[in-house]
Every structure is written in C-alpha cells, then in structure tokens.
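The values are calculated or read from the model by the stated rules, or taken from the named source; none is laboratory data. Since we're looking at a predicted model, the values are computed, not measured. Note: ideal-geometry Cβ built from the backbone for every residue, glycine included; neighbour counts use all protein chains shown. Ligands, DNA and RNA are stripped out before the accessible areas are found, and what is left, the full protein with its side chains, is counted by its heavy atoms. Shrake-Rupley method; radii C 1.70, N 1.55, O 1.52, S 1.80 Å.
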Amino acid sequence: MTTLLTLQNLSLHYPHKVIFQDVTFTLNQGDKIGVLGLNGHGKSSLFKVIAGLVKPDTTVPPFIYDKNKDFSYFYVPQELTNLSDWTIENYFFEFHPEMKVLKIRLDKINEMLGTGEGNFDKLINEQSHIYEELHKLGEDKVHAQYMSYLKFFGMENFERNMSSLSGGEQRKVVLALGLSAPQELILWDEPTNHLDLETIQDFEEELQASRKTFMIISHDRSLLTNVVDRILHIQRGKLRSFSGTYGAYLEFLQADQLRREKELDKLSNYQRRETTWIKRGAKARRTKSKKRIEDYGTLNKAIQDLKAQAHKSVSLDLKSSGRKSKILISAEDLTLKFGDRTLFEGLNFSIAKGDKIALMGRNGVGKSSLLKILLGEIEQTSGTVKKLDSLDVGYFSQKREALKDHETPWTMIGEGIDFVLSNTGEKRHVASYLENFLFSSDEIKRPIHTFSGGEKNRLQLAQFMKHARDIWIFDEPTNDLDLETIGILEDELSKYEGALIIIGHDRSFIDNVTDKCWVLHEGKIENFEAGFSQAEMFLEAIRLEQELKKKAPPVVVQKQVTKEKMTNKERNRYNDLQKEIEKLEAKILDFKEEMVSAGFSKLSELQTKLDASESKLEILFTEWADLESKL
C-alpha cells in the first residue's frame, strides 16, 4: 500500500477555539474517506492544511508534512469564485493555474492576431509554443473530460457566463471539475448541496467506479454509505480513523457508546437511529433497471410498468386512509405560468394538521414557486388557495438571513429574557435550549462574528425552531448542516405536532422525518400517502424516462431485417439465467446487510465475497442481454 501523505504534530488554534491538537493523519493511495464532524470543528480546515492553504501552529516538536514525490491534489470547494470572469466552458481554467496563465496569454495573442497588432511571426511562434505547453500539461485531454461530464450532468449552452447559473447548475460544474481532475487526491467539500436526487445518484455511481483517492465532506448519509471505505471523525481537536463502511462505523459507535461520557448521550441516540436505517438496506431496483433493460422499446414498457405499480399503490393507500384532521390550507385548480411556460396546472390538494410532507421533483419543476404561492409571496395564474384564519407559517429557506455580528447566541435567542417557549410549548432556559443545538456554556456569550459558517447555520436553526407555528416549511434544510445537527433537526421535527412541508434531496432525512410524499411532475402532483419509500419507485421511473429521451432512436424508414431466432437450448438458458440473477442479487444484498453488523475482522472476507459476486453478476447480465436481443 503506497502512502501519499502523512501529517504529524498538527495543531491549529483560532481565537476562542481549538481546531486541532497534536494530530497525526496518514492517507494511503486508493483511500475513499468520509470526513465527519460538527460544523466549525475542522473538516474544511483539514482540507486547507492538506492543500497548503492554511499554515498550522508552530509547535515543539514541529509540524511535519511528509508527501510522496508523485503526490498531487485537487481541492473542490463549497463556494465558487470569479464567476463573472468566465464562461462555463472556460471556467475549467480557473481551477488549473498553470493552464490559466497560458490560456490568458493565448487569448491575448489571438486577439492581437485578429486585429493585426504586433509582430505576426513572433506571435505565431509564441502561439505555437503555448499550444505545445498546454499539450504537455494535458489540457486537451482534461478539458475534454470536463466537457464530457458537463454534458453527462445535463448542462448545455457552454457559452453562458458562470454568474448566470443557478446554485444547482454551479454544483454540476463543480462535479465536472472534480471528476475530470487528473490529480491523485480529490478533496470534495460538500459537493451535493443544491443538487437534485437524480444528479446525486449519478455522482454517486461515478465515485463508486472511480479509482482515484478521495476525501469527501458530506451530510448525505446515503452517499457516505455507498461510496466510502474509511471514516475520519473530527471530535474535540482529535481525529478518529475507522477502516470500514459508514454503516460499519455506525455499528462501532453504537457498541462504544456505553463507555462514552454523559455529554454524548444525544449523539448516542442519533447513531442508534441511523444504524436502524442502514440495516433496512438499499433498493436493488436501480441496478436491475440499468443492467437488464437496454433496448429502447423494452425500456419504455418497463418504465410504464414501474409507473403503473406506483399508481396502483397510491390508489390503495388513498382508499384506506380515513384520517380526518383540521384542514390548514386547501388549493383548487391551482395553475402557475411564466410567459408561455406552464409550471403546473389544475393542482388540487389540502394540508391538514399533523401532515409531514416531502415535496420532491426535478430541479426547475416549480417546487419553490408552489411554496411561495402558499406563503403569499407570489400570485397564482388561476385557481384558489384557502387558508385557516390567523394561520402562522414559518419558512426556513436556502438563503438564510444574515446574523448580527455583535450579538451573542444568548442575546439573539433570549431577546432580553432568560427563558424561551419552544415549538412544543415547553418553557426552557436559554442555556439549556442552546445546549440542545450543541452550543456549550462557554460559547453562548461569544460574539457571533467569531463563529464559523456552519455554527451560524446551527444558530439560525435554533432561532427558527424556537417559535411555535401552525406550518413549518423547509427549503433544503440540511444544506451546510453537519450530521450531528441534522440529527438534532430530525429529533425536533419528530416531536413537532403541526404540519410540515420539506423540499430536500437528503434521502435519509426525508425518510426519517416525513410520512407523505408529493412528487411534482409534468405539472401535476403525484400523492404518495406511504411516504418516500413508496414514491421511490415513481421517482426511479421519472429518472429512467429522462434517460429514455436521450436514447430515443431516430425516426427513419426501417429496412426488413432477418432476426436471428433463439434455439430451444438458448431459451432454456435464458429462463435459467433470470433465476440465477435473482438468486445472486439476493445473495449480494445479504452480504451487504451482513457487513453492516459484522466484526472488523470479518469485513475483509465479506468484501472479497461481495466483489466476486458482483463481478459474476456483470457476466450474467451480459449473457442475459445477448439472449434477450433474440426474443
């Protein structure tokens, strides 16, 4: 195993805070590491130390940064800069400094050649030299991969200025930059914020197939479960390294919690709930759909079958639901248009006390616009919205309000008194309430300007949730929140007795908090009374429909083709293959479930068996597809 880098004697202090204290860390080639920890406790700082952007404290013994001679890294930040300077296509150069210098000079030369300025022969020679240097740096290959990934994630019109892109579109550019990077180590800092579920799943598959070494900071537990094989947990200035999957780490923490200090009890409850979620296992539907269905016509039929099954389940649930609750909001024939574009039309729905609804759908279908109508921020084109008199609605948006830097958490939450009335109606002391949001007693009277961005997000969440509301609306609430804080939010929402609407793409969070799922698709709402687990089949069908459009064959006059017939022997093998595939898929799921609860010593053995079974499954799929084409 090749060691890429080792950090020794790492200490880093900021005013009012210890980030790292005498830390040692080793990174090996091929590691796929998930970095966990509270916001503001050092995740991004660790990346910046590795990238050389932050200088550690001077200590005795001294800090040592030992790197392999071939080591190189690519840092993918949360926020993009210099957006107005570049088009989508050329933003690539912002992240490749050597190429950027050459690119700027090349553009200047081309401009001079176009206007006839300067010495023509000299400019041509310099132009040729720059092209040669760019080729040596691999610009042509890496840029081509960058463009390929942009198309893969559905980006178009590459001449658009970066500053014109939405948050989700900017994140797709980020994914293309990181996945196309030629460096050995890729540092991903919250790459999936603002992305729709389909894009997250595509990104997840690319990471699973990648041979690159990477470290990823993410609050998406499903992503961490599926892509990392090592966990790095930052706690109180120290690093805890665990070799194994995220699910295995949750099991390890569960066993270790009996020996933990009293102050970690809340985290203990969160990890136990997370372990239960992991044990339920992931659906195999996605793999089956992609591997078994290649022919366009067959794919179309399979998608319609998926949709039919989903609608059948919905109908059954609607008939069996006899709950009668106080209606807070109702809508009839709700339609919204922008110019010639219709976002949705003829929507009919009601929201009752106690409803906990996940509002899902692809980016741009109108989810946020629908919420703005309910909030009274915009007017519908037609239709009516009826609200209960004196209805109190709270809205927690992606764009969080600015905090007052001179205030402290104590003065912000207490507003001049020592007690707050929480959303559950309980009277709680300000210090106790803030402690529930992981603020210690020595932090609650610090000025807000000394807090990190993640800590400010947690403080805004505490401010929002101290108020009792009839309806709470959350637009991407888990963006920029760490896993511990997401656990707090889940606990608070599970106690909440009012109505709840959430737009989000964190699959675990949605599944744990909501009990209904509305999917906004093609201008209509598909209502899934059993929640996200029931809607997952329909969401999968939508994703496949989008793939189907890309695979649609051109409309041409078909020539008569003699199709090779399937022999009796092949037909028997075809039938046997389907049974073999189903058995092997079940076996693979058993291996994955066993890995979650297996001891550390058995993980390696199970991983070997899992890899062998998945390789065999690929071979069986290929054989099955060949025979399928003869039917």
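Observations on the structure shown:
- For the stretch 38-111, the fraction of alpha-carbon pairs in successive 10 Å shells from zero, as %: 14, 35, 28, 18, 5, 0
- For the stretch 391-520, fraction of C-alpha pairs farther apart than 18 Å, in %: 53 percent
- Förster radius 60 Å - calculated FRET efficiency between SER11 and LYS565 (Cβ-Cβ, nearest 0.05): 0.25
- With the simple spin-label model, which puts each label point 7 Å out from Cα in the Cβ direction, the GLN607 to GLU407 separation comes to 4.8 nm.
- For the stretch 18-71, a Kirkwood radius taken over Cα pairs fed into Stokes-Einstein (20 °C, viscosity 1.002 mPa s) yields D = 167 µm²/s.
- Spin-label zone in the stretch 343-357 - amide nitrogen under 18 Å from a point set 7 Å from the Cα of ASP515 along the C-beta vector: 350-357
- Peptides 491-499, 571-579, 32-40 ranked from most to least packed, by the mean per-residue count of other Cβ atoms within 10 Å: 32-40, 491-499, 571-579.
- Rounded to the nearest angstrom and listed largest first, the equivalent-ellipsoid semi-axes of the stretch 365-416 from its Cα gyration tensor are 32, 15, 7.
- Per residue, the stretch 141-248 exposes an accessible area of 33 Å² to a 1.4 Å probe, with every protein chain left in place.
- Computed label-point distance, nm, for sites ASN161 and GLN183 using a 7 Å Cα→Cβ extension: 2.9 nm
- The C-alpha radius of gyration of the stretch 1-149, expressed as a fraction of 2.2 N^0.38 Å, stands at 1.41.
- Distance violations [Cα-Cα > 27 Å] among LYS69/LYS141; LYS17/LYS48; LYS326/LYS495; LYS495/LYS592: LYS495/LYS592
- Taking the three principal axes of the alpha carbon atoms in the stretch 133-256, the coordinate ranges are 53, 34, 28 Å, sorted in descending order.
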